[in-house]
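One structure is given here, and the rest of the page talks about it.
Every number in this text was worked out from the coordinates using simple rules, so none of it is lab data. Quantities reported herein were computed from a predicted structural model and do not represent experimental measurements. Here Cβ is always computed from backbone atoms with ideal geometry, including for glycine, and neighbour counts include all displayed protein chains.
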Amino acid sequence: MNYHYDDWVYREIERCMRIGMLPPGISLKLATKQEDVGGIDATYVVNHKVPLQIRARFDRPAYAADCDITFRTTEPAMMDKRTYAPLALFVWFVGNHIAAAKLIDIYRMAESIQPKLGDRPAIPNGDGTAFHSVTIPELLQASAWLRNFDGETWNTPSLGGQMRLNMMLGLYSKAG
């Protein structure tokens with residue numbers, strides 16, 4: 001399957017990340033074929049070394065971003081092998097703009113949710129593929145939801161979420 005997005009989609013994703021998801025000055029680039037971990041629809045490399053998976057949803061119902069996030073049935077095995085990116089950004093478009101986004105700590109989610117992602121029912125997509133679902137309350141309970149975007153601003157729904165993001169990006173240092 002080809003999960004390549006049109007250029008305008010990448011521009012909007014990058015705009016969204018630059019307006020508060022990431023600290024100013026952090027490098028952000030679309031991954032090369034060699035850097036792409038092959039998990040979702042696109043991969044970015046943040047701060048020169050941290051893979052960030054992207055999944056975009058287009059013109060879904062208004063409540064869709066408040067229900068769940070989904071993973072293809074091939075992705076739990078990658079998480080188990082720790083070959084999946086440690087961060088994933090799920091974005092919901094309305095027209096040509098992102099109306100909602102969630103930044104997820106993948107390994108914290110994978111280690112905390114019950115049942116485990118790969119043990120959940122596979123929900124058919126109708127195109128021969130299937131997915132597993134994780135609800136928003138599960139992400140909150142696992143403290144895996146690091147950042148939230150409401151179409152205008154970013155916030156941190158999990159206690160310590162910004163500190164954990166900074167640690168994952170290699171930006172955290174203990175005060176002297």
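Okay, here's what the table says:
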{"quantity": "Estimated 222 nm signal from helices in the chain, with DSSP H stretches of n ≥ 4 weighted -39500 (n - 2.57), rounded to 500", "calculated": "-5500 deg cm²/dmol"}
{"quantity": "Whole-Hz couplings from phi, Karplus 6.51/-1.76/1.60, listed for region 141-151; x for Gly and Pro", "calculated": "4, 7, 6, 9, 8, 7, 9, 10, 10, 9, x"}
{"quantity": "Most mobile listed residue (Ala144, Ala110, Ala130) in the chain, GNM with C-alpha springs under 10 Å", "calculated": "Ala130"}
{"quantity": "Mean shadow area of the chain, taken as a quarter of the surface of its Cα convex hull (nm²)", "calculated": "10.6 nm²"}
{"quantity": "The chain: most fluctuating residue of Ala56, Ala122, Ala142 per GNM, C-alpha cutoff 10 Å", "calculated": "Ala122"}
{"quantity": "Distance between modelled label sites at Ala62 and Gln162, nm, 7 Å Cα→Cβ extension", "calculated": "3.0 nm"}
{"quantity": "In sequence order, calculated HN-Hα J values of region 82-91 (Karplus, 6.51, -1.76, 1.60; Hz; x Gly/Pro)", "calculated": "6, 9, 8, 4, x, 10, 9, 10, 9, 10"}
{"quantity": "Vicinal HN-Hα couplings computed from phi for region 48-61 (Karplus, 6.51 cos²θ - 1.76 cosθ + 1.60; Hz; Gly/Pro x)", "calculated": "6, 8, 9, x, 10, 7, 10, 9, 10, 10, 10, 6, 7, x"}
{"quantity": "Restricting region 63-113 to chymotrypsin sites (Phe, Trp or Tyr not before Pro) in coil, as DSSP defines it, with at most 14 other Cβ within 10 Å", "calculated": "Tyr63"}
{"quantity": "Unit Cα scatterers, Debye sum, region 127-176: log10 I(q)/I(0) for q = 0.30 Å⁻¹", "calculated": "-1.10"}
{"quantity": "Scattering curve values for region 30-109, log₁₀ I(q)/I(0), Debye with Cα scatterers, q = 0.14, 0.17, 0.23, 0.26 Å⁻¹", "calculated": "-0.47, -0.68, -1.12, -1.28"}
{"quantity": "Spatial separation of Cα centroids for region 76-95 and region 107-176, in angstrom", "calculated": "9 Å"}
{"quantity": "Under 5 Å, built H, 5+ apart or other chain: amide partners of Leu146", "calculated": "Leu103, Ile104, Asp105"}
{"quantity": "Computed E for Thr83/Asp127 - FRET, C-beta separation, R0 25 angstrom, nearest 0.05", "calculated": "0.55"}
{"quantity": "For Leu87, distant residues with modelled amide H under 5 Å away", "calculated": "Gln53, Ile106"}
{"quantity": "Most mobile of Ile13, Ile26, Ile104 in a GNM of the chain (Cα contacts under 10 Å)", "calculated": "Ile26"}
